[in-house]
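Below: one structure, written as structure tokens.
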Amino acid sequence: RGQVLALPGTLTPSVCVDVRLRALASLRKPLRHDSELTLHTGAAEVPARLLLLDKRELPPGEVGWAQLRLADPVAVVTGDRFVLRTPNDTVGGGEVIDAHARRHKRFHTPTIESLEARSSASGGPAETLLAALRRVEPAALDAIASEIALPRDELRALAEELQRQGRLVSLGATLISADGLAALGERARVAVETHLRAHAFRRGMPIEELRGRLRLDERVFAVALTRWGDAGALVERGSIVALPGYEPKLTPAQQREADAYVQALASNRFAPPTDQPVAGDLLEYLEDEGCIVPVGAGVVFAAEAYREMVERVTDHLRRDGSITLAQVRDVFGTTRKYAQALLEHLDGKKMTRRVGDERVLR
């Protein structure tokens, strides 16, 4: 009795459900919070504890939101009907709104609003699907199928119709509500704005940092970023995400400091000074502008000098097959510190590989 036969992966037993509950009009007294009752749904019968979410007690004939915590797992889906009984009487009944509910605070307005949105009485299967998706979005359709009392073919058809209406958006194999995508886009925009306030001279936020902040799968994030770009909300520039029209600007004093720093690097191209540091934000700005290239160990080359060094090292490697640190030092008339910093930088960029005391091209 109460057992259910289902296709694999389509039904998960539950021990906690959110419900829309109506107390029987013939009751002599209200249903009380934390009552011990018996749930009847389908052929199943199981002890349940009644937790009222929006009322201190539920008077006869009235409707309220409640959570039922079950003594044993029951196979139910959103939309299933149920009856509640004491040992002697039927006391109420209603509809399952969330077949796999989490614990809620009582009298919590957002919880009640969410349940209202999910109620089949407020818009039918389409609203039920959207409400179920909003709880876990972005998500694949299979992730919410067990919560909706529809065959898979009908559920897929409903999702496709919602996409045609513009209420549901496909991010590859993942779905998100249109308002969910808009809210996610707003979170992305705020994240980029916050990043730029903290790093005033940067052009944007690193893509991977933004993806990590939003906690999105790579493929989902890539599709979402394209959509935000098409909508003009954000701009993808190589490895960063920027705000449309945003360009960092230096004050005259900062510009003079930047110009002096770059000129000092260029004055001794292959052994630039390391005792004239600038603020980290200004260094990032000059790097983003393509004026300088930090290679590690406190060594920063002017961009033109760096490009020449890389070109000459790779030409040597193509010609001779390998190069040593001492050879790099001699080719550029520099010191071991600069030659080592450059070679380790090229190793890190996967351009070269160390074999003993030599480097070879990858």
Requested in this report: Just the number, please: carbon plus sulfur as a percent of the accessible area of the chain, 1.4 Å probe, no ligands or DNA/RNA counted.
Outcome: 49 percent
Report summary line: Note on the range 174-252: the mean projected area of its alpha-carbon convex hull, in nm², is 5.3 nm²
Requested in this report: In debye, nearest 20, what is the charge dipole magnitude of the range 262-362 about its Cα centre with +1 on Lys and Arg Cβ and -1 on Asp and Glu Cβ, if you could check?
Outcome: 540 debye
Report summary line: Taking only the alpha-carbon atoms of the range 103-230, the convex hull volume per residue, in cubic angstrom, is 132 Å³
Query - Cα-centred dipole magnitude for the chain, charges only on beta-carbon of K, R (+1) and D, E (-1), debye, nearest 20 - result: 660 debye
Requested in this report: For the range 201-330, report the convex hull volume of the alpha-carbon atoms normalised per residue, in Å³, without decimals.
Outcome: 160 Å³
Query raised in the report: Got a number for the accessible area of W65? Probe 1.4 Å, square angstrom, nearest 10.
Result: 0 Å²
**Report entry** Whichever lysines have a C-alpha closer than 18 Å to that of K105, once near sequence neighbours (fewer than 8 apart) are set aside
**Finding:** K55
Query raised in the report: Extent of the range 1-131 along each principal axis, from alpha carbon coordinates, in Å, largest to smallest?
Result: 44, 35, 23
Query - Those lysines that a straight Cα-Cα span of less than 19 Å connects to K349, excepting residues fewer than 8 apart in one chain - result: K337
Query - Pairwise centroid distance, computed over Cα atoms, of the range 187-232 with the range 62-118, Å - result: 39 Å
Query raised in the report: Once the other residues with Cβ under 12 Å from the Cβ of R20 are scored (Lys, Arg +1; Asp, Glu -1), what is the net sum?
Result: -4
Report task. Assuming a ≥ b ≥ c are the square roots of the Cα gyration tensor eigenvalues, decide whether the range 122-184 counts as rounded (a/c under 1.5), prolate (otherwise, with a/b larger than b/c) or oblate. Result -> rounded
Query raised in the report: Counting only the heavy atoms of the protein chains, how much of Y285 is accessible to a 1.4 Å probe, in Å² to the nearest 10?
Result: 30 Å²
Requested in this report: Would you kindly calculate the mean projected area, averaged across all directions, of the convex hull enclosing the Cα atoms of the chain, in square nanometres?
Outcome: 27.2 nm²
Query raised in the report: With no solvent and one point per C-alpha, what does the Debye sum give as log10 I(q)/I(0) for the range 55-118 at q = 0.13, 0.18, 0.19 Å⁻¹?
Result: -0.40, -0.80, -0.89
Requested in this report: Please name whichever of A242, Q254, A264 sits farthest to the positive end of the charge dipole of the range 207-285, dipole taken about the Cα centre and charges placed at Cβ: Lys and Arg +1, Asp and Glu -1.
Outcome: A242
Report summary line: Charge dipole of the chain built from unit charges on the beta carbon (Lys, Arg +1; Asp, Glu -1), centred at mean Cα; most positive-end Cα among A302, A48, G212 is A48
Query raised in the report: Probe 1.4 Å, all protein chains in place: accessible area of D217 in Å², nearest 10?
Result: 80 Å²
Report task. Let me have the relative contact order for the range 62-177, percent, based on Cα pairs under 8 Å that are six or more residues apart. Result -> 21 percent
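The values are calculated or read from the model by the stated rules, or taken from the named source; none is laboratory data. Small disclaimer: the values here were computed from a predicted structure and weren't measured. Note that we place each Cβ from the backbone using ideal geometry, even for glycine, and neighbour counts take in every protein chain shown. Note: areas computed on protein heavy atoms with side chains; ligands, DNA, RNA excluded. Shrake-Rupley method; radii C 1.70, N 1.55, O 1.52, S 1.80 Å.
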